[in-house]
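Notes follow the structure.
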Amino acid sequence: MTKLKRDRQFRPLPVPNVEIAGLFGDRQDAICESTAETLLDRCVEAGMVDAIDMSQPSPGIVIPIQPWGGTTQMFWDSDLGKSIETVAYSLYRRPNPALEARVDAIIDKYEQMQDEDGYLNAWFQRVQPDRRWTNLRDHHELYCGGHLIEGAVAYFQATGKRKLLDIMCRYTDYLITVFGHGEGQLRGYCGHEEIELALVKLARVTGQKKYLDLSKFFIDERGTQPHFFDEEAARDGRKPEDFIQKTYEYGQAHLPVREQKKVVGHAVRAMYLYSGMADIATEYNDDSLTSALDTLWDDLTTKQMYITGGIGPAASNEGFTDYYDLPNESAYAETCASVGLVFWANRMLGRGPNRRYADIMEQALYNGAMAGLSLDGKTFFYENPLESAGKHHRWTWHHCPCCPPNIARLLASIGSYMYAVAEDEIAVHLYGESKAKFEIGGAKVELAQKTRYPWNGAIRFEISTDRPARFALSLRIPGWADGASIKINGETLDLSSVTVEGYARIEREWKTGDHIDLDIPLIPRALFTNPLVRQNAGRAALMRGPLVYCAEGVDNGEGLNAIELTGDVANAETAEIPELRGAVALDVPATRDKADWGDVLYRAAPPENQETTARFVPYPFWDNRAPGEMLVWMRAGNLNRG
């Protein structure tokens, strides 16, 4: 396989440049119809908007201080920031003057609350003003600012309104005076990473390199000695070792980032850090960061990732434990963590298309992340187990409501994850009905993608240009896509001759009327786990295209563990499920225990099986019909493994 140097810079296409239809369009419609307004409503109900309203007295401590020394109320600015970001993307797809006015009113409140020096944080301005910059390790101060920055960038791109963008530029200009190596400055960084990637977005939309430099500062300082969190605690009269997590691995601050080899700690924090590192690697062509990230990527994806792209099996630290520790029923696999993995994977593509990142991005997006939002856009998953006895269901809100706006803003902005552009190349990372607009080599190019993917693997690209233009078009060929083929203007192309890092890289002069037909066979396949994952011994999971499949009680009755897969899953029958928006189900040959055990717990005779057919549905769509059991990893008896 041909390789290219990683000195190119690919940047995501802005959200307004991409029109979405198909499955992703359906998800965006649900966000426009329900989720965006729901987020604002529930932020209001929680008291978040009152907390930034300077015309009212400070609400004080609404959510009690917890044993870790803080409260989720400290994060409210981040929830508002992500909700504003979601609304922004929804407004681009579907104008909603009433919703836009509500956001404008929130922005006005932030403008009135902002200090003269630029500081902005509801908790540390109105509840604990004496605690500003005293506990960066635990109190999410910069994390909140990062999410408000992302909301500001999105709102500016969607509406053209600069007020929030200007507010956050003033805030960030203030940060530049607070943090650094100069006399009186803090050599610090946030315990919960996020601002690093937000600053890159701000730099790209404003053209201000100083914001990139601040992001790089936070990344370069993390985990260095003398340790900032030790010094900070001593200044604040706290014992450095006296905190609830007891280890700086929790926030990936145990070593300088370029020396970290193992993915540890809180899963969302890790993903946000690695996303920021990847962005800075792209912007500064920093091979030392890319090399460290490659090591961490392999560590995560070969030892610590669920088949769904879920990560972080433990509730105790919302994160990582030991290698190959991937329990199914108790899996934490926070929605935000899979969203963060999509962020990281996408940013790893900044130095050039590479299937090793894009395949995982797709897997995590479709399964671990998209499962977090119901089909009607009104309810959510925080945890994403791979097995349920029927007691795990979506909820309307959460005491720490980070996941609802996180999955909503990802799906609402999915166009920027599908396409990226460099000086002389367009990369297509994800497939789905869409239309994208680029400027490349001085030409205006429109790329229309016509497909029913992921339900059907036939994908056509139609190209329109204002004049003929020479550039490369790179199309991802998924690693699982055996037998993929490609035609240009009806002529078959030898894929092996143009494949670079798992992408078909087609360089030529393009003109209006050119078209490409890519066919990706969607053959159902069984996957097996490394035997070190003891929970999946003797079991298999089903995938079709990028989608993981699961069995639900609503289709198969109770006792899903009595089902054993047999035969050749590649020959599974397919059927559309109207109540799941036309999702494709798999009907697979299986056997099932006759359930003739009575009240016996143990017996000498083995189970008596009878032939049956088991129905599987896409994992991200489970718990959208009648409640009941769910199972991903099925017993695999005489399953055809070829």
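The values are calculated or read from the model by the stated rules, or taken from the named source; none is laboratory data. None of the values given here were measured: they were computed from a predicted structure. All Cβ positions, glycine included, derive from the backbone under ideal geometry; neighbour counts span all protein chains shown.
Values as computed for the structure displayed
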item: Matching residues in the stretch 574-590 - criterion: being exposed (fewer than 14 other Cβ atoms within 10 Å of the Cβ) and either within 16 Å of Leu547 (Cα to Cα) or without any contact (Cβ under 8 Å) to a residue 40 or more places away in the chain (or both); result: Thr574, Ala575, Glu576, Pro578, Gly582
item: Among (1) over 27 Å from the mean Cα position of the chain (by Cα); (2) aliphatic (A, V, I, L, M); (3) within 30 Å of Arg93 (Cβ to Cβ) - the single one Leu164 does not satisfy; result: (1)
item: Which listed residue, of Gly276, Gly237, is in the same structural domain as Arg351 (by TED's automatic domain parsing) and crowded, with 23+ Cβ neighbours inside 10 Å; result: Gly276
item: Residues located in the stretch 59-84, provided they are of a type in the set (Asp, Glu) and over 12 Å from Ala46 (Cβ atoms); result: Asp77
item: Output for the stretch 582-628, where each listed residue is among the small types (Gly, Ala, Ser) and in a loop (DSSP other than H, G, I, E, B); result: Gly582, Ala595, Gly598, Ala604, Ala605, Ala626, Gly628
item: Any hit, the stretch 536-555, residues being part of a loop (DSSP other than H, G, I, E, B) and among the acidic types (Asp, Glu); result: no
item: Subset of the stretch 162-207 (residues that are charged (D, E, K, R), out of contact with any His (no Cβ under 8 Å at 6 or more places or on another chain) and within 25 Å of Trp344 (Cβ to Cβ)); result: Glu193, Glu196, Lys201, Arg204
item: Condition broken by Ser338, with the remaining ones in (1) of a type outside the set (D, E, K, R); (2) in contact (Cβ under 8 Å) with a residue 60 or more places away in the chain; (3) surrounded by 24 or more Cβ atoms within 10 Å (Cβ to Cβ) satisfied; result: (2)
item: Every residue from the stretch 146-187 that is in a loop (DSSP other than H, G, I, E, B) and either crowded, with 21+ Cβ neighbours inside 10 Å or touching a residue at least 40 places away in the same chain (Cβ under 8 Å) (or both); result: Lys161, Arg187
item: Condition check for Ala364: of a type in the set (A, V, I, L, M) and either over 15 Å from Ile307 (Cβ atoms) or touching a strand residue (DSSP E or B) at 6+ places or on another chain (Cβ under 6 Å) (or both); result: no
item: Residues satisfying the stated conditions in the stretch 247-306, i.e. within 17 Å of Glu194 (Cβ to Cβ), more than 19 Å from the chain's Cα centre (by Cα) and in a helix (DSSP H, G or I); result: Tyr250, Val257
item: Residue among Arg581, Arg603 that alone is among the charged types (D, E, K, R) and under 28 Å from Thr335 (Cβ atoms); result: Arg581
item: Extreme residue, farthest from Leu532 (Cα to Cα), among residues of the stretch 307-336 that are hydroxyl-bearing (Ser, Thr, Tyr) and assigned to a loop (DSSP other than H, G, I, E, B); result: Ser316
